[in-house]
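Single-structure report; data block below.
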Amino acid sequence: MKSALFCLLGLMASAALAPALVATAPASLPNIIFILSDDVGYGDLGCYGAQKVKTPHLDRLAREGLRFTDAHSTASVCTPTRFAFMTGRYGWRQRGTGIAAGNATLLFPPGTPTTPSLLQQAGYRTGIVGKWHLGVGATEVDFNAEIKPGPLEVGFGYAFIIPATGDRVPCVFIENHRVVGLDPADPILVSYGKPVGNEPTGLTHPERLIIKADRQHSQAIVNGVSRIGYMTGGTAALWKDEDIADTLTRKAVAFLENQKTGQPFFLYLAPHDIHEPMVPHPRFRGTSGCGWRGDVIHQLDWTIGEVLGTLDRLGLARNTLVIFSSDNGGAIKNTYDDGTNHLHALQPPNGALRGFKSSLYEGGHRVPFLARWPARIPAGGTSDALIGLVDLPRTFAAIVGQPIPAGALPDSVDVSSAVLGVKGAKGRDQLVLQNNGQQPLALRFGSWKLIQKASGAAELYDLATDPSEVKNLAAAQPERVKELAARLAAEQSPPKS
Ligand code: CA
């Protein structure tokens, strides 16, 4: 009886506390949705000049919001960009933030101030749906047990993730702390070393593949697609590649529908599209005329349409800040050959920019960036402000008025004026760009760009007159090379914590 009374008192206390916590967030705070697509290039959307593929929903976002022409993923591959977005810290400052394996451990510890943890402190309901690629677990993870620490330990209240990438094992979703649909009688074993189980691989059984793959991607076969890494077991939990976009979209829509009146939300939606393997749902196949690469752009655009439609249906559009971007530039590669690769070139991923994903040229890291918030951002504008995805944590914190602990988000700059479309807002002065590891790096300063080559040589470009980086001015302007090199060295030393 006594314990029941305590229980009742406890319930009353939490019922009294819950609205008080929520009430700390003023009703005027915007909801925030950050959609980080994968490997979408600067020239892949209609609103950025794509001719053949059609992206009506993304074009709508541009029409109703602000389109940026000088936004950068900060890295030209997935993991360091996502690390920078989460922590406000350049990936190259920390070893081990290169492209993460499917069994990598969490790349930053719980307690690190992150984009979602700051928003959570500001009273937001937070969730991630989609590709994580920042590691899970503190030691080598057992995918059959409770999987943590992960997104829930670094600021998200809800998580439905692809742990690494579509081309890496394990090919399963994790919801909060558990693999979705796992049969305990059929445990998952993952290896990035020796093969596990007796399953055929892409190398031993190429006749089982629905798409051909290069050697690196020729290990475990899942759904007729060979991957990086080996796995066995977990058969009931395996995703179907052509259904990934539908699944993630359904989870994102459910998160939005779970909206509680008075509490703002933050959704980090990280689609698998358009990363390899590109396996569009049959309803999108052949729709672009540009092969499966173009078809998955159509699939991505459909996802955006579902999200925007949900906001409309729920009456949330006006006070929701929606940002769309990409984690690195676009690529046309021969990793996989789905039989339509000869058509991929009909859609130039990066428009007139030089280079592709994994490059320090603009095609590697200049990305689409669209921001819509009908209540605050004037519709239909274009901004040439220099911004990086590393700036989003500090920018979101500024927009919602959340204080930032001393020393946190060391490389993040508040570019909220630019994102909100304030006239004349210039964004940041300089930005460090990286590929996959610690070196080499590039530096943007004003319209100038210095690229350090692995050989130690440097290239210098003036993007104001030469956006395609055709004319290397390093030999002609040694003083400017020296100045930018000194600026880059100053960024690197002393290292920020
Ligand atoms: Ca990527």
Inter-residue pairs, beta-carbon under 7 Å, first farther than 19 Å from residue 37 by Cβ and in segment 327-344, second within 16 Å of the ligand (Cβ to nearest atom), 6+ apart: 338/278
Candidate set from segment 335-352 (those that are in contact with a strand residue (DSSP E or B) (Cβ under 8 Å, 6 or more places away or on another chain) and either within 16 Å of the ligand (Cβ to nearest atom) or not assigned by TED's automatic domain parsing to the domain that holds residue 275 (or both)); member that is nearest to residue 40 (Cα to Cα): 350
Check on residue 66, closer than 14 Å to residue 36 by Cα, away from the ligand (no atom under 16 Å from the Cβ) and modelled with pLDDT of 95 or more: no
Residue in segment 189-208 that is of a type outside the set (A, V, I, L, M, F, W, C), at pLDDT 95 or above and within 16 Å of the ligand (Cβ to nearest atom) present: no
Some residue of segment 148-160 being within 23 Å of residue 229 (Cβ to Cβ) and either within 16 Å of the ligand (Cβ to nearest atom) or more than 24 Å from the chain's Cα centre (by Cα) (or both): no
Test: residue in segment 298-311 that is of a type in the set (A, V, I, L, M), within 16 Å of the ligand (Cβ to nearest atom) and touching a Ser or Thr at 6+ places or on another chain (Cβ under 9 Å): yes
Among residues of segment 96-125, those that are in a loop (DSSP other than H, G, I, E, B), touching a Gly at 6+ places or on another chain (Cβ under 6 Å) and not β-branched (Val, Ile, Thr), counted: 6
Per-region count, segment 333-388, residues surrounded by fewer than 24 Cβ atoms within 10 Å (Cβ to Cβ) and among the charged types (D, E, K, R): 6
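Conditions (1) in a helix (DSSP H, G or I); (2) of a type outside the set (Phe, Trp, Tyr); (3) out of contact with any strand residue (DSSP E or B) (no Cβ under 8 Å at 6 or more places or on another chain), marked per residue:
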| residue | (1), (2), (3) |
| --- | --- |
| 456 | no, yes, yes |
| 459 | no, yes, no |
| 468 | no, yes, yes |
| 474 | no, yes, no |
| 480 | yes, yes, no |
| 490 | yes, yes, yes |
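To keep it simple, each residue is scored yes or no on (1) closer than 27 Å to residue 98 by Cβ; (2) at pLDDT 95 or above; (3) within 27 Å of the chain's Cα centre (by Cα).
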site	(1), (2), (3)
394	yes, yes, yes
406	no, yes, yes
429	no, yes, yes
456	yes, no, no
463	yes, yes, yes
475	no, yes, no
483	no, yes, no
493	yes, no, no
Close pairs (9 angstrom Cβ cut-off, 6 or more residues apart or separate chains): free of Cβ contacts under 8 Å to residues at least 24 places away in the same chain in segment 75-90, outside any helix (DSSP H, G or I) and within 13 Å of the ligand (Cβ to nearest atom) anywhere: none
Unmet criterion (only one of (1) closer than 18 Å to residue 43 by Cα; (2) touching a helix residue (DSSP H, G or I) at 6+ places or on another chain (Cβ under 7 Å); (3) within 16 Å of the ligand (Cβ to nearest atom)) for residue 269: (1)
Selection from segment 354-386 of residues that are touching a helix residue (DSSP H, G or I) at 6+ places or on another chain (Cβ under 9 Å) and within 16 Å of the ligand (Cβ to nearest atom): 355, 356, 357, 358, 359, 365, 367, 368, 369
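Residue-by-condition table, conditions (1) among the hydroxyl-bearing types (Ser, Thr, Tyr); (2) in contact (Cβ under 8 Å) with a residue 12 or more places away in the chain:
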position	(1), (2)
157	no, yes
162	no, yes
166	no, yes
183	no, yes
192	yes, yes
195	no, yes
204	yes, no
Number of the exception - residue 231 against (1) in a loop (DSSP other than H, G, I, E, B); (2) modelled with pLDDT of 95 or more; (3) of a type in the set (A, V, I, L, M): (1)
Some residue of segment 423-435 being without any contact (Cβ under 8 Å) to a residue 12 or more places away in the chain and either in contact with a helix residue (DSSP H, G or I) (Cβ under 7 Å, 6 or more places away or on another chain) or among the small types (Gly, Ala, Ser) (or both): yes
Conditions (1) surrounded by fewer than 24 Cβ atoms within 10 Å (Cβ to Cβ); (2) within 15 Å of the ligand (Cβ to nearest atom): number failed by residue 327: (1)
Neighbours by Cβ (under 8 Å, 6+ apart or cross-chain): first from segment 450-469, of a type in the set (D, E, K, R); second at pLDDT below 95: 453/440; 459/453
Residues being hydrophobic (A, V, I, L, M, F, W, C), more than 16 Å from the ligand (Cβ to nearest atom) and in a loop (DSSP other than H, G, I, E, B) - total across segment 28-44: 1
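One line per residue, one yes/no per condition, for (1) farther than 21 Å from residue 400 by Cβ; (2) at pLDDT 95 or above; (3) surrounded by fewer than 24 Cβ atoms within 10 Å (Cβ to Cβ):
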{"residue": "9", "(1), (2), (3)": "yes, no, yes"}
{"residue": "23", "(1), (2), (3)": "no, no, yes"}
{"residue": "28", "(1), (2), (3)": "no, no, yes"}
{"residue": "70", "(1), (2), (3)": "yes, yes, yes"}
{"residue": "92", "(1), (2), (3)": "yes, yes, no"}
Residue in segment 232-241 that is away from the ligand (no atom under 16 Å from the Cβ), within 21 Å of residue 331 (Cα to Cα), within 20 Å of the chain's Cα centre (by Cα) and in contact (Cβ under 8 Å) with a residue 12 or more places away in the chain present: yes
Residue that is farthest from the ligand (Cβ to nearest atom), among those in segment 124-147 that are surrounded by 23 or more Cβ atoms within 10 Å (Cβ to Cβ) and among the small types (Gly, Ala, Ser): 127
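The values are calculated or read from the model by the stated rules, or taken from the named source; none is laboratory data. Model, not experiment: these values are computed from the prediction. Note that we place each Cβ from the backbone using ideal geometry, even for glycine, and neighbour counts take in every protein chain shown.
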